[in-house]
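The values are calculated or read from the model by the stated rules, or taken from the named source; none is laboratory data. From a predicted model like this one, the values you see are computed outputs, not experimental measurements. Please note: Cβ atoms are built from the backbone with ideal geometry, for glycine as well, and neighbour counts cover all protein chains shown. The area values use the complete protein model at the heavy-atom level, side chains included, leaving out ligands, DNA and RNA. Shrake-Rupley method; radii C 1.70, N 1.55, O 1.52, S 1.80 Å.
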There are 2 protein chains.
Amino acid sequence: MIVGVLGGGQLARMLALAGTPLGLRFRCLDPSPDAVAGHVAELVVADYRDEAALARFVAGVQVVTFEFENVPARAAQWLAEHATVAPVPRALEIGQDRVFEKRLFASVGMATAEHRAADTRAELHAAVAAVGAPCIVKTRRLGYDGKGQVRLVPVPSLSAAIDAAFDSLRPAESGGLVVEQMVAFDREVSVLAARNGRGEVMVYPLVENEHEGGILARSRAPAPEVPEKLVREAGEFVSVLLRELDYVGLLAVEMFVKGDRWIANELAPRVHNSGHWTIEGAECSQFENHLRAILDLPLGSTAMTAGGHATMVNLIGSLPARADVLAIPGVHLHAYGKAARPGRKVGHATALAADRATADALCARVAALPRSSGSGLA
Amino acid sequence: MIVGVLGGGQLARMLALAGTPLGLRFRCLDPSPDAVAGHVAELVVADYRDEAALARFVAGVQVVTFEFENVPARAAQWLAEHATVAPVPRALEIGQDRVFEKRLFASVGMATAEHRAADTRAELHAAVAAVGAPCIVKTRRLGYDGKGQVRLVPVPSLSAAIDAAFDSLRPAESGGLVVEQMVAFDREVSVLAARNGRGEVMVYPLVENEHEGGILARSRAPAPEVPEKLVREAGEFVSVLLRELDYVGLLAVEMFVKGDRWIANELAPRVHNSGHWTIEGAECSQFENHLRAILDLPLGSTAMTAGGHATMVNLIGSLPARADVLAIPGVHLHAYGKAARPGRKVGHATALAADRATADALCARVAALPRSSGSGLA
């Protein structure tokens with residue numbers, strides 16, 4: 001049984017590593033011959049819009065899934081016509097557009113930050129006036145890891161800042177803009193849940209996320225100090241969302257905690273960086289549960305393994321020496337096999353411990369290790 | 001960094017699955033194009049004695065290791081001359097020969113079953129007379145999974161049984177024979193330990209093994225009801241053995257418990273079926289620790305994960321339906337991607353639980369599932 005994955009990066013690679021023990025085989029489509037899923041899966045190297053390549057990609061494949069939501073519309077349409085695709089294309093469409101996401105959240109009763117869409121320069125000025133500063137201007141589409149967004153600073157001139165944002169974000173190429181009120185949140189968290197075709201839903205323990213420069217730096221599960229009532233509410237919200245979308249697969253929803261309430265931020269219709277800790281920290285990982293879901297198999301337990309507390313740090317730009325990481329007891333290294341490059345996610349490390357402080361301290365040791373200049377794995 | 005593995009079966013496959021997250025790449029050499037490690041690693045398809053293929057296999061490889069000990073002597077010699085090889089060839093030589101194994105055990109003070117080597121028919125009769133019935137005749141080399149051995153039954157005629165054993169075991173092709181006294185043991189166990197080039201040694205919790213028809217059926221860790229003193233002694237024996245051999249890698253030693261003493265049976269200079277539970281049941285699996293050892297990296301913890309009790313059942317011949325296995329909570333499926341065939345190890349399942357009875361019961365449910373006629377994974 002072959003699973004097709006659009007994209008051949010680290011998420012596809014970890015899907016293949018999780019699914020191989022289930023007896024599955026994997027075929028990835030990626031424009032780059034260096035795509036790192038190719039180390040453990042068949043790799044079709046082609047542009048996503050190359051229909052001949054898409055045909056080779058889906059031949060004999062049981063189900064097609066995605067490691068990213070920004071699938072070119074033409075490819076998504078072709079795939080939906082020629083193969084079983086999960087999650088549903090509608091979730092992809094919504095996950096590609098920040099305004100659609102917020103509409104979906106609102107439709108199931110989830111609060112969102114105040115926001116206003118804007119396609120033209122004049123609309124952007126009006127939107128900023130309506131939402132009020134401080135605010136943030138984002139492209140509706142194609143943003144990731146803090147790219148495609150500008151925080152508006154009213155000094156020296158708010159009007160000039162709006163014009164500069166409009167010019168730099170190129171709304172014509174990225175589906176327009178959206179102005180969002182800055183939310184002075186207490187915590188950023190994510191809810192990860194899987195749903196299979198029979199409607200079974202499993203929700204992972206809530207994850208707290210910390211970003212640096214717009215890129216996820218650290219995730220901790222279960223999220224510390226979030227009241228049980230809020231945790232339950234978040235899981236319920238996401239369960240409703242999954243049903244509403246008739247979603248099949250793993251869904252990640254990023255939310256803010258502010259006081260005693262939730263503000264939904266965005267969703268990712270795929271396995272998610274904030275769920276990497278589940279490989280060792282949960283009884284069944286997000287990767288295995290995504291595969292179980294899209295193959296309509298019974299879902300696995302999302303409970304924490306008995307360590308009880310997991311902390312994950314992303315390794316960005318380059319890796320520490322392998323021996324340095326492995327010398328830290330209780331730490332699991334995940335090197336993605338990618339070349340070093342500033343700002344690039346090249347690996348992560350997860351620490352499990354019976355208490356929060358120990359898990360955090362182990363990951364802090366990993367984060368403090370000197371980085372090599374190369375791939376870090378010489 | 002590329003690790004070369006001689007052999008491309010499930011052990012090589014699980015080595016690749018464990019090592020990929022460390023940023024390693026794998027190249028396997030196997031005579032079969034269907035070798036299942038090829039699903040997740042580069043596969044060189046050739047006979048082990050094909051020197052041109054061996055040269056392609058070792059090009060650019062950091063270290064060569066083995067998934068089986070019966071490496072043809074010519075291949076082992078060629079590899080030792082052209083690449084860094086771990087574990088040491090001497091351990092392979094010893095692991096290939098039941099008499100060498102017993103001599104090694106004796107040299108470090110480990111008791112073995114009474115035994116006598118025999119190359120000719122006359123020597124076999126003399127050996128049986130010396131050892132005494134009941135006894136078992138084994139080929140010194142190339143035996144596995146209960147193959148290459150005959151239990152001598154003195155009815156109707158011991159002499160005729162000896163002749164029949166001599167004829168069926170073909171001693172000229174399998175390095176001669178050895179007659180071993182039957183040990184009325186209480187338990188069969190194995191000790192798994194890893195040692196790296198710096199001499200660091202990590203010993204896994206003792207494993208109890210149950211065989212059916214000569215093939216490992218079930219392993220349980222930690223081995224129930226073995227006195228702490230015996231557990232400590234077994235670990236010490238194996239640590240001495242590792243040092244004595246200057247061994248680098250994972251070593252498995254099969255032993256019998258009889259009353260309050262140990263009888264060493266055989267060793268496997270490689271990752272071992274009785275250690276598959278370590279993938280989920282130990283903090284660092286036998287596969288990852290073997291790789292850490294041969295790359296001279298710090299070893300990982302061999303402690304049980306907090307579940308505390310692991311039971312593994314082999315899936316032999318064919319697999320149950322995937323959905324049936326995954327419906328059992330707390331069970332981890334490992335399908336090797338092999339075609340069904342009677343007597344063939346095609347997968348295993350591991351259950352973790354906080355108590356022995358639950359882990360055993362979960363695996364009993366797996367073992368009782370109906371088997372499909374095909375690969376079980378349709």
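Projecting the Cα atoms of A:M312, A:P269, A:V346 onto the charge dipole of region A:227-376 (Cβ charges, centred on the Cα centre) puts A:V346 farthest toward the positive pole.
Put the Cα centre of region B:97-150 next to the Cα centre of region B:8-58 and the gap is 33 Å.
For the chain pair A and B, buried accessible area totals roughly 2700 Å², probe 1.4 Å, rounded to the nearest 100. Each copy carries a label point for B:E200 at 7 Å from Cα along the beta-carbon vector; from one copy to the others these points are 3.9 nm apart, nearest first. Of the solvent-accessible surface of the protein assembly as shown, computed with a 1.4 Å probe and all protein chains present, 52% belongs to carbon and sulfur.
Residues considered: B:E208, B:E42, B:E81. Largest GNM mean-square fluctuation over chain B, using C-alpha springs under 10 Å, is found at B:E81. Using a 7 Å projection from Cα along Cα-to-Cβ, the label point at A:R103 is separated from the same position in the remaining copies by 8.1 nm, smallest value first. Check cross-link reach from B:K345 to the lysines: straight Cα distance under 23 Å, and skip same-chain residues fewer than eight apart. Partners within reach: B:K138, B:K147. The dipole here belongs to chain A: it is taken about the Cα centre, uses +1 on the Cβ of Lys and Arg and -1 on the Cβ of Asp and Glu, and is about 420 debye. Per the helix-only calculation at 222 nm, which mean residue ellipticity applies to chain B, given -39500 (n - 2.57) for every DSSP H run of n ≥ 4 and division by its residues, nearest 500 deg cm²/dmol? When only DSSP H runs of four or more count, the value is -9000 deg cm²/dmol. Neighbouring Cβ atoms from other chains, within 10 Å of the Cβ of residues in B:21-30, number 5 on average. Here B:R371 yields copy-to-copy label distances, from shortest upward, of 5.2 nm, the label point defined as 7 Å from Cα along Cα to C-beta. Descending by average beta-carbon neighbour count within 10 Å, the peptides A:263-275, B:292-304, B:128-140 line up as A:263-275, B:292-304, B:128-140, the highest first. Mean per-residue shielding of peptide A:295-304 is 3, counting Cβ atoms of other chains within 10 Å of each Cβ. Would you tally the net charge around B:A12, using a Cβ to Cβ cut-off of less than 9 Å, leaving B:A12 out, and scoring K and R as +1, D and E as -1? Neighbour charge sum, excluding B:A12 itself: -1. Computed from Cα atoms alone, the Kirkwood hydrodynamic radius reported for chain A is 21.4 Å. Of the GluC sites (Glu not before Pro) found in region A:89-190, those that fall in a DSSP loop while having at most 11 other beta-carbon atoms within 10 Å are A:E173.
Using the 1.4 Å probe convention, the accessible area of region A:187-367 works out to 31 Å² per residue with neighbouring protein chains retained. Could you tell me which of rounded, prolate or oblate describes region B:134-276, using a ≥ b ≥ c as the square roots of the eigenvalues of the alpha-carbon gyration tensor, with rounded for a/c under 1.5 and, failing that, prolate when a/b is larger than b/c and oblate otherwise? Prolate, since a/c reaches 1.5 and a/b exceeds b/c.
Ordering of B:236-249, A:305-318 by packing is A:305-318, B:236-249, highest average first (other Cβ atoms within 10 Å, averaged per residue). For B:G60, neighbours were defined as the other residues whose beta-carbon sits under 15 Å from its Cβ, and their charges (Lys and Arg +1, Asp and Glu -1) total +2.
In chain B, the beta carbon lying closest to the axis that superposes B onto A belongs to the residue given here with its whole-angstrom distance, B:A306, 1.
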